[in-house]
Each structure stands twice: as C-alpha cells, then as structure tokens.
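Scroll down for the structure; my scribbles are underneath it.
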Amino acid sequence: MPKFYIQTYGCQMNVYESGVVRRVLSDAGFAETTDEQEADVLLMMTCSVRSHAEQRALGRLGTFRALRSERAGTVVGVLGCMAQRFGDVLVTNHRADIVVGPDEYLRLPELIASVQAGTTGLVATRQTGESYDAVMLARGPGVKDSRIPMSGTRPLESSNPGILSFVTVMRGCDNYCTYCIVPHVKGRERSRPLASVLAEAERHAASGVKDITLLGQNVLAYRDGARRFPDLLRAVASALPRVRIRFLTSHPRDLDSSLLEAMQRLSNVCPSLHLPVQSGSNPILERMNRGYTREEYLAKIALCRKVLPEVCLTTDVLVGFPSETEDDFKATLDLIEQVRFDFAYMFRFSFRPGTRAEEFGPKVSEADGGRRLARLIEVQNRITAERNRGMLNREFELLIEGPSPRDSGWLGRTVANKVVVVKGRCAPGDVVRCRVTRINGWTPVAELPAREAATC
Ligand code: SAM
Ligand code: SF4
Ligand code: F3S
C-alpha cells in the first residue's frame, strides 16, 4: 500500500481539511504514516496569513525535497492557502511536484498518479466553491491544546481525535478585512446544509467524540435557507445532549442577542466566545474594514457578560497596522485592560500582497511594531494569569483529553474552554469534577481525590 505523510500548518480549518485529505487518500488506497522517511507522498497543508507562516513552510519544503532526492519517486505536494496564493511559483521556484488549492483536494489521487506516471509540476487551484460535503469524515481530527489560534506557524497535529473534533460549517469569507489574505485564498463564503453538518456531528458522537467545535471564519454568517447559526447550534446541541458544543470564530459585528440566548438555553453549548477585536482604536478599525466601533464592541462584551456571566472571552489583536499611532495603540491597551479577556492571540501586522492594506501608509517601523507587540503581550499575559488565579479553590467539570505534555498529570478542559492540569487517576474521555488547588505559571492545577476518579 502506498504511504502518505501530511504536516499541517495554520488554523483549525486546516486541521479539518487535512482530515478531508486523509479520507480522500485512504479511500484511494493510501495508508497514512507518521514517519516521513518511509512516505511515498509528502504533503504539507499550508497557511498564508502572515509572512512568517509562509517562510516556515518553505523551509520545511526544503526538507521534503531532500527526502525526495534520497528516495526516488517520492511525490512532494503543497496544499492549502499557500498553494492557492503562489500557484506554479511553488513548482518553478520551489520544485514541488503538485500544488493543490483548498477547493481541489478531491483531485489528489489523480494528481499523484499523474506525477508517478511521469508528469511533473501539476497545479490545481480552481476556486470552485467546494464544500466537501460528500466527504464522510467519520471522526474529525482533534486538537493538541486549547491555545491553537485561528492562524499560526506551528505545525499542528491531532493528539486525541477520539475525544475532541471539529466540524466545518462554512468555508471562505466575504468580509475582506483590509489586512487579511483569507478571502483571497479561501474564496467566497458558503455554508454547508444544516442536515449535513448535523449528520457529521452525529457520526463523531457515535464514535465517542465528547467535544465538538463548529468551525468557520465567521460562523455567524452561516445560513441554510432561512436558518441561521443559532438554528444550527440548536439543532446540533439538542441532537447531541451529552456532547459539549463550541464554535469558532464569531465576527463581533454579527453577534446579537439571539445567539447569546440560544447559548444560555442550551446547557451543552459551552460558555466560551472567541470575538477578535483586532484594535481598540476607531480610525484603525475603520481602515481595517471591521464593521464595528470600539464602543459597539464594548457594548457587545457587556451584553455577553450579562447574558452569560461565566463566559470565557478570547480575542485576536493586531498591532502595527499601517498608520497606527502611539495613541491608537494606547487605545488598544486600554480596551484590553477594560475587557480583561481570558486569553488573546496577538500578532504584529504582516503585509499580505493583494490585500488592500498593502497600499496603506505610513508603515509602522519594525522596531515600533515589535515594541508594541511585546508590551501588549506583557499586559495580556498578566491579565490571563490573574483570570486563571480567579479559578483557585473553585470546582470545575473537566473533560480529560490526554496526558499533559509538560507536567505529569492529565489535561482537562472546562466547559468554558480553560485547560487545567489534573493530578490523579483518570483516563482520556473521563469527565471529572475537581477543585483547582494551585496555579503553576498560569496553568491551573487540580487534584483529583482517589475515590473521585470515576468516569461518566
Ligand atoms: N475570521 C477571524 C476574524 O474575523 O477575525 C480571524 C481569522 S484570521 C485567519 C486569524 C487572525 O490572524 C486574525 O484575527 C488577525 O488577528 C490575524 N491576521 C490576519 N491577517 C493578518 C496579517 N496580515 N498580519 C498579521 N495578522 C493577521
Ligand atoms: Fe480575515 Fe476578516 Fe474574514 Fe476574519 S473576517 S477571515 S480577519 S477577512
Ligand atoms: Fe491560514 Fe488559510 Fe487558515 S491563510 S489562517 S490556513 S484559512
């Protein structure tokens, strides 16, 4: 049986889409290997959101090429957002054998066969509006930890796909934030039919998954006829009352009380919201084309906390956007202090060719951008640690995901998406109640009394 190896970079959508690729290739008779040395096909699922993400993947592509030169006949493929953005440059300048954009994964077996038959440099980057609805992902790929951002440069691998999984509910994005490459590489927004999302979530639950995240660049834009995201949430959560249901990402402009009320009523919908703010300054938000003001954002945060008092709020922040002044940056810091997010993914602006912000000026210097990011991280890290300290001596219901990679013990997730290290006897998939007894760095640690190591 021919073997393929796949490495995934980028956001959770890519983790999911690597699952699509796995299914397509296994249906075509390939077996997956985690040893790149023995693979006949080496694939990387890539991200273009920042230049750093691309540089990292290109470096890794060098390793794939070296493996190909040691093992004649190995096929090297670049998939995903970089494939869409660079197209045949990845063949001509980086010597990839196949380059496959986000809408063309169904063609992978055919493209691999062509390369093995002697064709070189195949590029498949049509934007077809594909939603992979016909691909039966029985069990979605899992997540390694809760701090995987919607974008990133770290390789992502699934650690416990049996317990956590993703279901993509929509693909693409129509928002065209002026800094962002996603709409350019992923294409127009399109939603999967509600029945198909529900069927996939039910298959995951039947195979033992206990925590499902519904995914989209803006899930609040979901629509299937007259049905919107709160209807989808109600359908999935009511059909799977014993499964925790989460969702990512919510565009703050589209958040309204109908969503919050649905979350409040459905006991298995987790009280956590990822609401990327990007900036706390109105002129910058306007130039980013975000569609809300600072005041509107803060009013929505107040509404979230009123309807869901225990809600865990996370965000994305972007500093060094062209024309950002010290005062704009101070407004962002001020918003961060005011909201006190549980966690934030913080980025320095990276110019993306083809986006509108490419033409914006004046540019913020590397030094100023770096200094602002460091300051922002310092402030938010303090707040994250303070909020985690607020968990001390409180009891939580934790879903055990697997062994903790850094400490002896287990990783458990609260309903609000906080990760806790659990000491004691338990196993992946257990749901345990225990008290947080200390904070290690900023990680809450809970002790499980021996008699409570029961499963449910
Ligand atoms: N759809 C989500 C939303 O509405 O915010 C975010 C998706 S985006 C892939 C994830 C995050 O990457 C963004 O929230 C933004 O903070 C960051 N990002 C996007 N473009 C960027 C750029 N050009 N430079 C730096 N960070 C960027
Ligand atoms: Fe990018 Fe904006 Fe779409 Fe998010 S909403 S994916 S930041 S264009
Ligand atoms: Fe990156 Fe594409 Fe996701 S650009 S953040 S992998 S949608």
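Derivation of every value follows stated rules applied to the coordinates shown; laboratory data play no part. This one's a predicted model, so the numbers in the text were calculated from it and none came from an experiment. Neighbour counts run over all protein chains shown; Cβ positions are idealised from the backbone, glycine included.
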Exercise. Condition test on A374, is it surrounded by fewer than 18 Cβ atoms within 10 Å (Cβ to Cβ), more than 24 Å from V415 (Cα to Cα) and free of Cβ contacts under 8 Å to residues at least 24 places away in the same chain?
Worked result: yes
For this session: Considering (1) within 21 Å of M346 (Cβ to Cβ); (2) free of Cβ contacts under 8 Å to residues at least 60 places away in the same chain; (3) basic (K, R), say which one R290 fails and leave the rest.
Result: (2)
Seminar exercise, completed: Condition set touching a helix residue (DSSP H, G or I) at 6+ places or on another chain (Cβ under 7 Å), among the small types (G, A, S) and in a loop (DSSP other than H, G, I, E, B), scope segment 262-300, selection farthest from I212 (Cα to Cα): answer is S281
Seminar exercise, completed: For segment 320-332, the count of residues that are within 16 Å of ligand 1 (Cβ to nearest atom) and out of contact with any strand residue (DSSP E or B) (no Cβ under 6 Å at 6 or more places or on another chain) equals 7
For this session: For segment 40-124, please list each of the helices (runs of 4 or more DSSP H) lying entirely inside it that holds at least 2 residues being among the β-branched types (V, I, T).
Result: 89-92, 108-116
Exercise. Looking at segment 339-353, is at least one residue part of a helix (DSSP H, G or I) and surrounded by fewer than 19 Cβ atoms within 10 Å (Cβ to Cβ)?
Worked result: no
Problem set entry | Condition met for L259 (free of Cβ contacts under 8 Å to residues at least 60 places away in the same chain, part of a helix (DSSP H, G or I) and within 16 Å of ligand 1 (Cβ to nearest atom)) | yes
For this session: Working only within segment 41-85, note down all residues that are touching a residue at least 40 places away in the same chain (Cβ under 8 Å), out of contact with any helix residue (DSSP H, G or I) (no Cβ under 8 Å at 6 or more places or on another chain) and away from ligand 1 (no atom under 14 Å from the Cβ).
Result: R56, R60
Exercise. If you scan segment 1-39, which residues turn out to be part of a strand (DSSP E or B) and surrounded by fewer than 22 Cβ atoms within 10 Å (Cβ to Cβ)?
Worked result: K3, Y5, Q7, A31, E32
Seminar exercise, completed: Within segment 76-131, residues within 16 Å of ligand 2 (Cβ to nearest atom) and among the polar types (S, T, N, Q) come out as Q84, Q127
For this session: Might you let me know whether segment 223-231 holds any residue that is on the phi > 0 side of the Ramachandran plot and either surrounded by fewer than 21 Cβ atoms within 10 Å (Cβ to Cβ) or not hydroxyl-bearing (S, T, Y) (or both)?
Result: yes
